[in-house]
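The values are calculated or read from the model by the stated rules, or taken from the named source; none is laboratory data. Because the structure is predicted, anything quoted here is derived from the model rather than measured. Here Cβ is always computed from backbone atoms with ideal geometry, including for glycine, and neighbour counts include all displayed protein chains. When the accessible area is computed, the model is the full protein with side chains, heavy atoms only, and any ligands, DNA or RNA have been set aside. Shrake-Rupley method; radii C 1.70, N 1.55, O 1.52, S 1.80 Å.
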Amino acid sequence: MKKIILGLLAIIACVYVNAQQAIKPYKFKTAIVEYTYSGNTTGTQTLYMDEHGWNQCEVTNTVMKSFGQKNVTNEVKLTLGLEIYQWTPGQNTGTQMHNSMLEELMKDPGFDIKDFSKQLMTQLGFEKKGNEALDGKDCEVWKGMGSTIWIWKDIAVKTEVKVLGQKTVWTATSIQFDVPIPSVKFDVPGDVEFQKFDSNNPMDLMQRGAQTEDDASSGEQEPEIKSLKDLKNLLKKK
């Protein structure tokens, strides 16, 4: 379930970040958002954004404890337009993905980024429950799949994920808009060899996660979704 939620957030982030150059995914030009994890997963995450969200650098350092096992994550995820780089500091290998499906999707002049992301959340079982004040911020509250997301100015300021009785919460402890960000944050490391993938498809991750859950109450066969374009066509039918 957690992988499905993270996949959803990844899609939303990609949809906002990889808009046409004429569109500004965010009103602010730069931002720094610091998150703290608590519960089943502890640690921190810092998100740097520039060029109205076109460039993003996400630095994650967390420890997840689950059923007696511990999983340590120390990684950097760098998004530069349609190119996504991911690596672990200190290691000399990483991955590079080109989001060709989203690139194709964005060719549609009638594609509305923000409307699409909300339709996507609804299609995946999330429902907007109204607005709620969180630390003085008027947030949209979305609930679904055992999770709750508080969104303010298109930023997830708080997320709660409950899976098999275990709970993880990540909360934005600091949000700064239009602040200077060192350009080095968006540099691709020259000492890392990146394995290239043709396309970044978070839908595969989400569908694999969904297939692990037994939904005996539904006798309908869900349409197969292999790309964001398939999802867009599905949403049109709703």
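The table for this structure:
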{"item": "Residue match in segment 75-82 (condition: at pLDDT below 95 and in a strand (DSSP E or B))", "result": "yes"}
{"item": "Residues that are surrounded by 10 or more Cβ atoms within 10 Å (Cβ to Cβ) and under 23 Å from Thr41 (Cα atoms), drawn from segment 73-90", "result": "Thr73, Asn74, Glu75, Val76, Lys77, Leu78, Gln86, Trp87, Thr88, Pro89"}
{"item": "Criterion violated by Thr93 - all others in (1) open to solvent by less than 40 Å² (accessible area, probe 1.4 Å); (2) at pLDDT 95 or above; (3) of a type in the set (Ser, Thr, Tyr) satisfied", "result": "(1)"}
{"item": "Search result, residues across segment 41-72 that are in contact (Cβ under 8 Å) with a residue 40 or more places away in the chain, hydroxyl-bearing (Ser, Thr, Tyr) and open to solvent by 30 Å² or more (accessible area, probe 1.4 Å)", "result": "Tyr48"}
{"item": "Among (1) closer than 23 Å to Glu160 by Cβ; (2) at pLDDT below 95; (3) touching a Leu at 6+ places or on another chain (Cβ under 6 Å); (4) open to solvent by 20 Å² or more (accessible area, probe 1.4 Å) - the single one Met101 does not satisfy", "result": "(1)"}
{"item": "Near pairs, Cβ below 6 angstrom, 6+ apart or cross-chain, from segment 173-187 (under 15 Å from Lys153 (Cα atoms)) to any residue that is charged (D, E, K, R)", "result": "Ser174/Glu34; Asp178/Lys29"}
